Protein chains: 2
Amino acid sequence: VVGLGTGSTASLFLAHLAERIQRKGLEIRGVPTSEATARLAESLRIPLVELAPSSAPDLVVDGADEADRQGRLIKGGGGALVREKMVAEAGRGMAVMVHWAKVCPELGAFPLPVAVLPFAWRMIAAAVSSMGAAVRLRSDRDGGPRLSDDGLMILDCAFGRIPEPEALEEEIERIPGVVACGLFTGLATRLLVGGPDGDVEEFPVPADAD
Amino acid sequence: VVGLGTGSTASLFLAHLAERIQRKGLEIRGVPTSEATARLAESLRIPLVELAPSSAPDLVVDGADEADRQGRLIKGGGGALVREKMVAEAGRGMAVMVHWAKVCPELGAFPLPVAVLPFAWRMIAAAVSSMGAAVRLRSDRDGGPRLSDDGLMILDCAFGRIPEPEALEEEIERIPGVVACGLFTGLATRLLVGGPDGDVEEFPVPADAD
């Protein structure tokens, strides 16, 4: 059982996985992290299964918007952070593939996506602002709020720098109405970094205390 | 600004509040905790306002499915627990009105409602089961899952008894995909108990450490 990430990098992985399934006869079932990934997987004839205890992924493969050298991530630029996080938390391991330019010494240059219940978005925006971020409600081309697959709004919260990702993740997710924030800590078990010449280097990720 | 609860008891309060607004010219704005309460308030001509930092309720008035003598509650039998909890957390005080038969020495006879993202419900049901509850997905008359105003599923989790409500609330709300559980601790500031003869007694609620 493989957790299937969302976004351009994950889409490349899906194409390779589909090719291997055909060529090597692999018995793989995929747990998609978005409606878009589910559609792509179906078009590639990757068998899908719903997230459940009997289908907890052996491995999740996903991209990220930002990663530090400890394998801590910012995700959610594509809006799929909630399902991506739930699948990653259910999985036994998570391989993250990123372009080298997304690896940074400290997280926070990329605005942190926070998925919230629409009913509470004004309260949450105020709470995250008071924590030092410039907060913007993500909008659609027509100017209305862009909703996630789960009907949630997304706040893009520019902190500039995030010196303590674990503490910030916990603080934000404790706010009533926050469903998930885009900080992924203690989840990535492998960090695969693509270099400028198409080479891939694996950065060692420290084992989590959990 | 008054937070307007949901359910039969809260509806009686709305009727009284509307009457006072008319008779005494009170300047009240209500923050409704459900679409049903918003419709009722509109029909009673109670002015409404969206939940926001500028409209944090001075007082929230709501009912409960179960209350103990410390003012800890189980709510969510009507499915509005998420908005009820967000409004209560935003408010400066919460008056809870219950029938005497709902006051018990220990919570848990009433199955605890837990509001969850549909995508994760199977994982969450398994996690709460492993904590000792009999878990049932709340369904509609047609047999499909009954969704809340926020598009969430509700798991009714029968624990039988809940000796440590604060600890259980925190443990359940830490599960990925759980939006809120129906345990309300540290929120009620007044507990008004209706007796069998129509009399009302106020039970003293210990001040919260927060």
By accessible area with a 1.4 Å probe, ligands and nucleic acids excluded, highest first: order of B:99, A:16
A:16, B:99
Quick one: buried accessible area between A and B, total over both chains, 1.4 angstrom probe, nearest 100 Å²?
2100 Å²
If we hang a label 7 Å off Cα along the beta carbon direction at residue B:198, how far is it from the matching labels on the other copies, in nm, shortest first?
8.7
In degrees between 0 and 90, to the nearest 10, how far off the longest principal axis of chain B does helix B:81-90 point, with axes built from Cα atoms?
60 degrees
Checked against a 31 Å limit on the C-alpha separation, the offending pairs among A:85/B:85; A:75/B:85; A:75/B:75 are A:75/B:75
Longest exposed-site-free window of chain A, the sites being GluC sites (Glu not before Pro) in a DSSP loop that have at most 15 other C-beta atoms within 10 Å
A:107-210
Candidates A:36, A:80, A:64; GNM for chain A (alpha-carbon contacts under 10 Å) flags as most fluctuating A:36
Helix A:8-24 versus the longest principal axis of chain A: what angle, 0 to 90°, nearest 10, using Cα atoms?
20 degrees
Counting other Cβ atoms within 10 Å, which trypsin sites (Lys or Arg not before Pro) in region A:103-142 have at most 16 and lie in a DSSP loop?
A:141
Whole-Å distance, taken between Cα centres, linking region B:146-210 and region A:5-63:
40 Å
Pop a pseudo-label 7 angstrom from the Cα along the beta-carbon direction at both residue A:106 and residue A:201 and give the gap in nm to one decimal.
2.2 nm
Only four residue types carry charge here, +1 at the Cβ of Lys and Arg and -1 at the Cβ of Asp and Glu. Report the dipole size of region B:87-143 about the Cα centre in Debye, rounded to the nearest 20.
40 debye
Along Cα→Cβ at 7 Å, what distances in nm separate the residue B:171 label point from those on the other copies, shortest first?
2.8
Please list the radius of gyration and Dmax for region B:145-210, considering alpha-carbon atoms only, with Å as the unit.
15.7, 45
Checking A:149, A:140, A:62 against a Gaussian network model of chain A (alpha-carbon springs below 10 Å), the top fluctuating residue turns out to be A:140
Beta carbon of chain B nearest to the axis of the rotation taking B to A, residue and angstrom distance:
B:151, 2
In region A:75-210, with Lys and Arg counted as +1 and Asp and Glu as -1 at Cβ, which of these residues, A:86, A:186, A:124, has the Cα nearest the positive end of the dipole, that is, farthest along it?
A:124
Got the residue A:19 label distances to the other copies yet, label 7 Å along Cα→Cβ, in nm, shortest first?
7.6
Work out the length of the dipole vector of region B:68-183 about its Cα centre, built from +1 on the beta-carbon of each Lys and Arg and -1 on the beta-carbon of each Asp and Glu, and round it to the nearest 20 debye.
240 debye
What share of the DSSP beta bridges in the protein assembly as shown is antiparallel, in percent to the nearest 5?
55 percent
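Tell me the mean residue ellipticity at 222 nm calculated for the protein assembly as shown from its helices only (DSSP H runs of n ≥ 4, each -39500 (n - 2.57), averaged over every residue, nearest 500).
Helices in the protein assembly as shown give a 222 nm mean residue ellipticity of -7500 deg cm²/dmol.
The values are calculated or read from the model by the stated rules, or taken from the named source; none is laboratory data. Given the structure is predicted, the values throughout are model-derived calculations rather than measurements. Because the Cβ atoms are built from the backbone with ideal geometry, glycine has one as well, and the counts that use them run over all protein chains shown. Accessible surface is based on the protein model in full, side chains and every heavy atom, while ligands, DNA and RNA are left aside. Shrake-Rupley method; radii C 1.70, N 1.55, O 1.52, S 1.80 Å.
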